[in-house]
């Protein structure tokens, strides 16, 4: 599908999937939803615009627990923080996990490169901290996101019956 990471890749995925459902897929409706978890930050603006283009509805504001997009596709934004501040997935990890050092480097979410002498990137955080330390990480901060995903599963169970 020629997808790249980040907001651009998510927008392309949503639009392509919607078009493919309309014109190419002739299979029974899926038993399960596709759930796209997004950071609720300035980058979400483009995703919300793409959703509005697909649904022909008003552009979402990121306040809902989830957004039904098309077919079996949902977008789940991270909940806003205090004072309606932007959030990213990393905000739901505990302070201990975020403070983990790798080879003397600290985590910097804005660091796109693995080459920094002082900081490591999101990719290294996911691969070397979260994946390798999953058994010792406190994931309780993710309950609010998991509750949203549970709501998607409930919604899709009902919606699926109308799509068959």
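The values are calculated or read from the model by the stated rules, or taken from the named source; none is laboratory data. Just so it is clear, the structure is predicted and the values come from calculations on it, not from any experiment. In this analysis, Cβ positions are derived from the backbone assuming ideal geometry, glycine residues included, and neighbour counts consider all displayed protein chains.
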message: Looking at the stretch 12-25, can you tell me whether even one residue there is under 27 Å from residue 139 (Cβ atoms) and over 15 Å from the mean Cα position of the chain (by Cα)?
response: no
field: Flag for residue 121 being at pLDDT below 95, exposed (fewer than 15 other Cβ atoms within 10 Å of the Cβ), out of contact with any helix residue (DSSP H, G or I) (no Cβ under 9 Å at 6 or more places or on another chain) and over 26 Å from residue 19 (Cβ atoms)
entry: no
query: Only one of (1) surrounded by 14 or more Cβ atoms within 10 Å (Cβ to Cβ); (2) modelled with pLDDT under 95; (3) under 30 Å from residue 136 (Cα atoms) is not met by residue 113, so which one is it?
result: (1)
query: Between a first residue in the stretch 95-119 that is on the phi < 0 side of the Ramachandran plot and a second residue that is part of a loop (DSSP other than H, G, I, E, B) and modelled with pLDDT of 95 or more, which pairs have beta carbons less than 6 Å apart while being 6 or more apart in sequence or on different chains?
result: 97/137
